[in-house]
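Chemist: Got a structure for you, written out below as structure tokens; questions coming shortly.
The values are calculated or read from the model by the stated rules, or taken from the named source; none is laboratory data. Computed from a predicted structure; not experimentally measured. Cβ placement follows ideal geometry from the backbone for every residue including glycine, while neighbour counts extend to all protein chains displayed.
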Amino acid sequence: MPSGTEGPPFDQFLATAEAVARARPEVDAEMAREVFLEAATLLHNGLALDGLDEHDAAAVVAGLCVDLVAPDPGAAVRARSRAVLEDPGDLHEPGDVSAAYLVAARILQL
């Protein structure tokens, strides 16, 4: 992962922040960017995605981008962790992906 704030997962999280700010007028765009940048930094520094190949890491980031804007992000992330075990789709290592979601939930204190 990059040491700066460019590239995955930073770019996906910042795109999510922008989308949320556009979709929800009550959301301050700068605050949304700051929150999602902090989430990406915590995940990067917490090594939540380490051990996943690029494909599975991208899937986790995409799932987190959806779940973090849910009414109950913690419940959404935990549900996704269970769901990937039940229906792994095209994931290469569903058990590792499931664990990464749970690690992310702990790191983000969800």
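Chemist: For Ala59, are the conditions met, namely being more than 19 Å from Asp11 (Cα to Cα) and either at pLDDT 95 or above or in a helix (DSSP H, G or I) (or both)?
Modeler: So Ala59 fails the test.
Chemist: Quick one: Ala17 ticks every box in (1) in contact (Cβ under 8 Å) with a residue 12 or more places away in the chain; (2) exposed (fewer than 13 other Cβ atoms within 10 Å of the Cβ) except a single one, so which number is it?
Modeler: (2) is the only condition that Ala17 fails.
Chemist: Please specify each residue of the stretch 33-53 satisfying the condition of being assigned to a helix (DSSP H, G or I), in contact (Cβ under 8 Å) with a residue 24 or more places away in the chain and not hydrophobic (A, V, I, L, M, F, W, C). It would help to see each step written out before you state the result.
Modeler: As a first pass, look at the stretch 33-53 and keep what is assigned to a helix (DSSP H, G or I): 33-45.
Now narrow it down to the ones that are in contact (Cβ under 8 Å) with a residue 24 or more places away in the chain: 36-37, 39-44.
Within the stretch 33-53, Thr41, His44 qualify.
Chemist: Sticking with this structure for a sec: Return the total of residues in the stretch 22-32 being surrounded by fewer than 18 Cβ atoms within 10 Å (Cβ to Cβ) and touching a residue at least 12 places away in the same chain (Cβ under 8 Å).
Modeler: The qualifying residues number 1.
Chemist: When you look at Arg80, is it crowded, with 21+ Cβ neighbours inside 10 Å and closer than 20 Å to His44 by Cβ, yes or no? Even if it seems obvious, please write down each step before you answer.
Modeler: Working: crowded, with 21+ Cβ neighbours inside 10 Å: yes; closer than 20 Å to His44 by Cβ: yes.
Yes; evaluated as a whole, the condition is true for this residue.
Chemist: Can you tell me how many residues in the stretch 76-99 are part of a helix (DSSP H, G or I), within 17 Å of Ala57 (Cβ to Cβ) and either touching a residue at least 40 places away in the same chain (Cβ under 8 Å) or of a type in the set (Gly, Ala, Ser) (or both)?
Modeler: Matching residues across the stretch 76-99 total 6.
Chemist: Kindly list the number of the only condition in (1) farther than 19 Å from Val103 by Cα; (2) hydrophobic (A, V, I, L, M, F, W, C); (3) within 11 Å of the chain's Cα centre (by Cα) that fails for Ala17.
Modeler: (3)
Chemist: Exactly one of (1) in a loop (DSSP other than H, G, I, E, B); (2) touching a residue at least 40 places away in the same chain (Cβ under 8 Å); (3) on the phi < 0 side of the Ramachandran plot is unmet by Pro71. Its number?
Modeler: (2)
Chemist: Right, here's the next one. Only one residue in Asp67, Asp72 is under 16 Å from Leu110 (Cβ atoms) and surrounded by fewer than 13 Cβ atoms within 10 Å (Cβ to Cβ), so which one is that? Please lay out each step first, then the result.
Modeler: Working: Asp67 fails: surrounded by fewer than 13 Cβ atoms within 10 Å (Cβ to Cβ).
After applying the criteria, what remains is Asp72.
Chemist: Continuing with the same structure: Would you be able to tell me the number of residues in the stretch 38-64 that are within 12 Å of Leu108 (Cα to Cα), surrounded by 13 or more Cβ atoms within 10 Å (Cβ to Cβ) and under 12 Å from the mean Cα position of the chain (by Cα)?
Modeler: Count: 8.
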